[in-house]
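Please read the structure below before turning to the comments.
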Amino acid sequence: MPQLGLLHGRAWATLLGQLRQSPGALCLRAVHSHSQVSEAVLTSQLKPHQEKSNIIIKTPKGTRDLGPQQMVVREKILDTVVSCFKRHGAKGLDTPAFELKEMLTEKYGEDSGLIYDLKDQGGELLSLRYDLTVPFARYLAMNKLKKMKRYHVGKVWRRESPTIAQGRYREFCQCDFDIAGQFDPMIPDAECLKIICEILNGLQLGDFLIKVNDRRVLDGMFAVCGVPESKFRAICSSIDKLDKISWKDVRHEMVAKKGLAPEVADRIGDYVQCHGGVSLVEEMFQDPRISQNKQALEGLGDLKLLFEYLTLFGIAGKISFDLSLARGLDYYTGVIYEAVLLQTPAQPEEEPLNLGSVAAGGRYDGLVGMFDPNGHNVPCVGLSIGVERIFSIMEHRMKTSSEKIRTTETQVFVATPQKNFLQERLKLIAELWDAGIKAELLYKNNPKLLTQLHYCENMGIPLAVIIGEQELKEGVIKLRSVPSREEVAIKRENLVAEIQKRLSES
């Protein structure tokens, strides 16, 4: 019998025809299977040549690559954020990029439709994490923790229509800070607002305002306006869109799509246009309708206390009590807040960027209990920094600025003016690396000195060390200041100390 691997085309058809008339069914199945494999291999060999010209190389919708210059800006943002979190005593935490689907369902209200589900690969139904808050609550419940102050930096995924110009993506980075545990009212909440102020001031994004509300005030307002309790979360989701669409459009959605009575929607409209400081909190205490709702009064009492602490922190002027703030996620139970930029840095002739909120958060006292078998709750409050939106602002600023951004941190370049000095360069750079100095050289045996010096200038490397025959003979190294082009001879044994001294002074 001929070797199966050599058969193809008509030979296969002839052989298969003969085998079908033969009682050797096992042989037939083996040959037929091998035929399919061979044809698949042949097809796969042909396809790359046939279809290569039709391939569009791009990133998936709602995602992006970050080049070296962009990474410098991003790392600066993350360093500012994380150093602030650590300054306030937070511990680091990481959780899986995907969770069991049942862990994420019924936690996000209408936004649950934006969760990415993964194809079942091994008996578990999985979804990519939507935020970092729900995984944190799961972690607390799973490990039976009653108290924790943590920060978490990681990617999350949302299956929404991306608007790249406004810093909205399907894959994006979140920076979260949360305080879990039973504490006296509003002290952790006030610290979260202080952290947002410190970070936004540190990033120098311009003037900003933090809107504050309370879910209990919001629910109390819905109740006294006549919203059925079954519609609270749905109406809350509509109100949450007021920073993106007009009141007229929100009202239409509530009435036409969610079945709210027009007169009820109009009563809500009277309240959601109110915003101010602690004086508005006092005013709401006297409101004839709101003052009749126990839940709303509890929320107003906490907000009054919150403003006292914010005044002591020196940030009350940055906070606005805003009854239109809703935060659409279902798990919030108390104080909620959202930071918006009042003006975005831009050139006078350019359109300002409209980026929405750059930080947000709130209190979620019931989320951990949703994971605990006995329903034991751990009160939590936290915040999330909108890294992608902040990055969009800083990237916009970078493009309009003439400032050159260094993409490496190299401090010293090892150069030579002569041929056959690779071994000496390698010994010298190893000495610098071992001393903790960030150093580079060109990966060539005999590079030209001008090429090496041009590289230093183009990359913004401040110092260059030059070794040649004369330096080797005299036991010295030339140390060159790249910006000034001044050179001095340093004894080989003193080189590391001299470099470290210069770097500490710069």
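Look through 279, 238 and report the one residue that is polar (S, T, N, Q) and open to solvent by 10 Å² or more (accessible area, probe 1.4 Å). Quick ask: steps written out before the conclusion?
Details: 238 fails: open to solvent by 10 Å² or more (accessible area, probe 1.4 Å).
It is 279.
Here is a yes/no grid of residues against (1) under 14 Å from residue 429 (Cα atoms); (2) touching a residue at least 12 places away in the same chain (Cβ under 8 Å); (3) in a helix (DSSP H, G or I):
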site: 457; (1), (2), (3): no, yes, yes
site: 461; (1), (2), (3): no, yes, no
site: 464; (1), (2), (3): yes, yes, no
site: 470; (1), (2), (3): no, no, yes
site: 477; (1), (2), (3): yes, yes, no
site: 483; (1), (2), (3): no, yes, no
site: 489; (1), (2), (3): no, yes, no
site: 496; (1), (2), (3): yes, yes, yes
site: 500; (1), (2), (3): no, yes, yes
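Which count do you get for residues in segment 203-235 that are more than 24 Å from residue 358 (Cα to Cα), in contact with a Leu (Cβ under 7 Å, 6 or more places away or on another chain) and surrounded by fewer than 18 Cβ atoms within 10 Å (Cβ to Cβ)?
1
Go through segment 451-486 and give me each residue that's open to solvent by 80 Å² or more (accessible area, probe 1.4 Å) and of a type in the set (D, E, K, R).
Those that are open to solvent by 80 Å² or more (accessible area, probe 1.4 Å) and of a type in the set (D, E, K, R): 469, 473, 474, 485, 486.
Need the failing condition index for residue 395 against (1) assigned by the TED database to the domain that holds residue 72; (2) touching a Pro at 6+ places or on another chain (Cβ under 9 Å), just the number.
(2)
What is the number of the single condition among (1) under 18 Å from residue 189 (Cβ atoms); (2) buried (at least 17 other Cβ atoms within 10 Å of the Cβ); (3) touching a residue at least 60 places away in the same chain (Cβ under 8 Å) that residue 298 does not meet?
Against the list (1) under 18 Å from residue 189 (Cβ atoms); (2) buried (at least 17 other Cβ atoms within 10 Å of the Cβ); (3) touching a residue at least 60 places away in the same chain (Cβ under 8 Å), residue 298 comes up short only on (2).
Scanning segment 97-114 for residues that are of a type in the set (Ser, Thr, Tyr) and surrounded by fewer than 18 Cβ atoms within 10 Å (Cβ to Cβ), which turns out farthest from residue 378 (Cα to Cα)? Before you say what the answer is, go through the steps one by one.
In the first step, residues of segment 97-114 are kept if they are of a type in the set (Ser, Thr, Tyr); the result is 105, 108, 112.
Pick out the ones that are also surrounded by fewer than 18 Cβ atoms within 10 Å (Cβ to Cβ) and you get 105, 112.
Numbers: 105: 20, 112: 23 Å.
It comes out as 112.
Go through segment 65-96 and give me each residue that's in contact (Cβ under 8 Å) with a residue 60 or more places away in the chain, open to solvent by less than 40 Å² (accessible area, probe 1.4 Å) and small (Gly, Ala, Ser).
90
For segment 100-108, state whether one or more residues are part of a loop (DSSP other than H, G, I, E, B) and within 15 Å of the chain's Cα centre (by Cα). Let's see the steps before the verdict.
Let us first name the residues in segment 100-108 that are part of a loop (DSSP other than H, G, I, E, B), namely 105-108.
Narrowing the set further to residues that are within 15 Å of the chain's Cα centre (by Cα) leaves none.
Among the residues of segment 100-108, not one is part of a loop (DSSP other than H, G, I, E, B) and within 15 Å of the chain's Cα centre (by Cα), which makes the answer no.
Give me a count of the residues in segment 387-435 that are modelled with pLDDT of 95 or more and within 21 Å of the chain's Cα centre (by Cα).
0
Give me a count of the residues in segment 115-144 that are of a type in the set (Lys, Arg), crowded, with 17+ Cβ neighbours inside 10 Å and part of a loop (DSSP other than H, G, I, E, B).
1
Take residue 273 and decide whether it is among the polar types (S, T, N, Q), at pLDDT 90 or above and open to solvent by 30 Å² or more (accessible area, probe 1.4 Å). Working first, answer last.
Details: among the polar types (S, T, N, Q): yes; at pLDDT 90 or above: no; open to solvent by 30 Å² or more (accessible area, probe 1.4 Å): yes.
So residue 273 does not fit the description; no.
If you check 298, 263, 283, which single one turns out to be over 31 Å from the mean Cα position of the chain (by Cα) and either modelled with pLDDT of 95 or more or not in a helix (DSSP H, G or I) (or both)? Spell out the reasoning first.
Numbers: 263 fails: either modelled with pLDDT of 95 or more or not in a helix (DSSP H, G or I) (or both); 283 fails: either modelled with pLDDT of 95 or more or not in a helix (DSSP H, G or I) (or both).
298 is the lone residue from the list that is over 31 Å from the mean Cα position of the chain (by Cα) and either modelled with pLDDT of 95 or more or not in a helix (DSSP H, G or I) (or both).
Could you grab me the full set of residues in segment 286-295 that are charged (D, E, K, R) and in a helix (DSSP H, G or I)? Break it down stepwise before answering.
Quick first cut of segment 286-295, residues charged (D, E, K, R) only: 287, 289, 294.
Once the filter is applied, which keeps residues that are charged (D, E, K, R) and in a helix (DSSP H, G or I), segment 286-295 yields only 294.
The values are calculated or read from the model by the stated rules, or taken from the named source; none is laboratory data. Predicted model, so just to flag it, every value in this text is computed and none were measured. We place every Cβ from the backbone using ideal geometry, glycine too, and count neighbours over all the protein chains shown. With ligands, DNA and RNA removed, areas are computed over all heavy atoms of the protein, side chains included. Shrake-Rupley method; radii C 1.70, N 1.55, O 1.52, S 1.80 Å.
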